[in-house]
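Undergrad: Provided herewith is a single structure, encoded as structure tokens, for subsequent inquiry.
The values are calculated or read from the model by the stated rules, or taken from the named source; none is laboratory data. Predicted model, so just to flag it, every value in this text is computed and none were measured. Neighbour counts run over all protein chains shown; Cβ positions are idealised from the backbone, glycine included. The area values use the complete protein model at the heavy-atom level, side chains included, leaving out ligands, DNA and RNA. Shrake-Rupley method; radii C 1.70, N 1.55, O 1.52, S 1.80 Å.
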Amino acid sequence: MANMDNLDLKRVHRELYTAKRGQFTLVEVPELVYLQVDGHGDPNSSAEYGAALQALYTVSYGARRICKTRLERKHTVAPLEGLWTAADMSSFVDRRKDDWDWTMMIAQPDYVTAEIIAEAIEDARAKSLAALDRLRFGSFEEGLSVQTLHVGPYDDEGPVLQRMHEEFIPEQGLEMTGSHHEVYLSDARKTVPEKLRTILRQPVRRRENG
């Protein structure tokens, strides 16, 4: 029998979508499936970045519609997330945005298949979205990670990241692995910068003795 209860990944994985401001906590991030798109450069000035978000949201909502009509399963489209990398990790603290590579992504329920995503992409072709063919769909697992909540403008993240990278992580006998990860709990189009809520996450591993 079809399940028409609304699934919300923020509730299913509450520990991944909640954090406390000023407090660093360890979480175990399981394997999840995401719709993803890669790019490079300053998100504030890159047309590539805006096109990527438009494609991500269009196809995510298209997949939601297909699931509702065909599978009779409903879900809330998950928050936007971003993986950020750079040759020099200090570029995040210093906000040298032109140096950044990014993967923007939206988590999908486990019943969303590659076939459903492919159909949603085909449905979106009439909109002539520039980044549509750059979308990819697959699993991603971070494992042990440190996270905290940042409230305020994105450009004010530097001191928080500095404390995370240079104080908390080494003090806990950990070292950084993987990409800097952000989860955007607020809609930047509708929220004043001072009230933006963003989870900042960094995958880590236990440092070997000696």
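Undergrad: State all residues of the stretch 1-22 that are in a helix (DSSP H, G or I) and open to solvent by less than 40 Å² (accessible area, probe 1.4 Å); if no residue qualifies, say none. Walk me through it before giving the result.
TA: So the first thing to find is which residues in the stretch 1-22 are in a helix (DSSP H, G or I), and the list is 9-12, 14-16.
Selection gives Leu9, Leu16.
Undergrad: If you don't mind, another one. Taking the stretch 23-64 on its own, how many of its residues are assigned to a loop (DSSP other than H, G, I, E, B), open to solvent by 70 Å² or more (accessible area, probe 1.4 Å) and either in contact with a Lys or Arg (Cβ under 8 Å, 6 or more places away or on another chain) or over 16 Å from Glu81 (Cβ atoms) (or both)?
TA: First, the residues of the stretch 23-64 that are assigned to a loop (DSSP other than H, G, I, E, B): 23-24, 30-31, 41-46.
Still in the list and also open to solvent by 70 Å² or more (accessible area, probe 1.4 Å): 23, 31, 44-45.
Now restrict to residues that are either in contact with a Lys or Arg (Cβ under 8 Å, 6 or more places away or on another chain) or over 16 Å from Glu81 (Cβ atoms) (or both): 23, 44-45.
Residues flagged as assigned to a loop (DSSP other than H, G, I, E, B), open to solvent by 70 Å² or more (accessible area, probe 1.4 Å) and either in contact with a Lys or Arg (Cβ under 8 Å, 6 or more places away or on another chain) or over 16 Å from Glu81 (Cβ atoms) (or both) within the stretch 23-64 amount to 3.
Undergrad: Related question: Looking at Thr85, is it farther than 26 Å from Ala47 by Cβ and open to solvent by 20 Å² or more (accessible area, probe 1.4 Å)? Don't jump to the end; show me each part of the working.
TA: On the way: farther than 26 Å from Ala47 by Cβ: no; open to solvent by 20 Å² or more (accessible area, probe 1.4 Å): yes.
So Thr85 does not fit the description; no.
Undergrad: Any idea which residue in the stretch 152-183 is nearest to Ala78 (Cα to Cα), counting only those that are open to solvent by less than 20 Å² (accessible area, probe 1.4 Å), of a type outside the set (Val, Ile, Thr) and in contact (Cβ under 8 Å) with a residue 60 or more places away in the chain?
TA: Glu182
Undergrad: Got a sec? Which of Ala107, Ala130 is touching a helix residue (DSSP H, G or I) at 6+ places or on another chain (Cβ under 6 Å) and open to solvent by less than 30 Å² (accessible area, probe 1.4 Å)? Show your work before the answer.
TA: On the way: Ala130 fails: open to solvent by less than 30 Å² (accessible area, probe 1.4 Å).
It is Ala107.
Undergrad: Being outside any strand (DSSP E or B) and open to solvent by 60 Å² or more (accessible area, probe 1.4 Å) is the filter; apply it to the stretch 68-82 and report the residue that is nearest to Leu16 (Cα to Cα).
TA: Step one: filter the stretch 68-82 for residues outside any strand (DSSP E or B), giving 68-73, 76-79.
Within this subset, residues satisfying the condition of being open to solvent by 60 Å² or more (accessible area, probe 1.4 Å) are 68-73.
On the way: Lys68: 25, Thr69: 29, Arg70: 29, Leu71: 26, Glu72: 26, Arg73: 23 Å.
Checking each candidate, the answer is Arg73.
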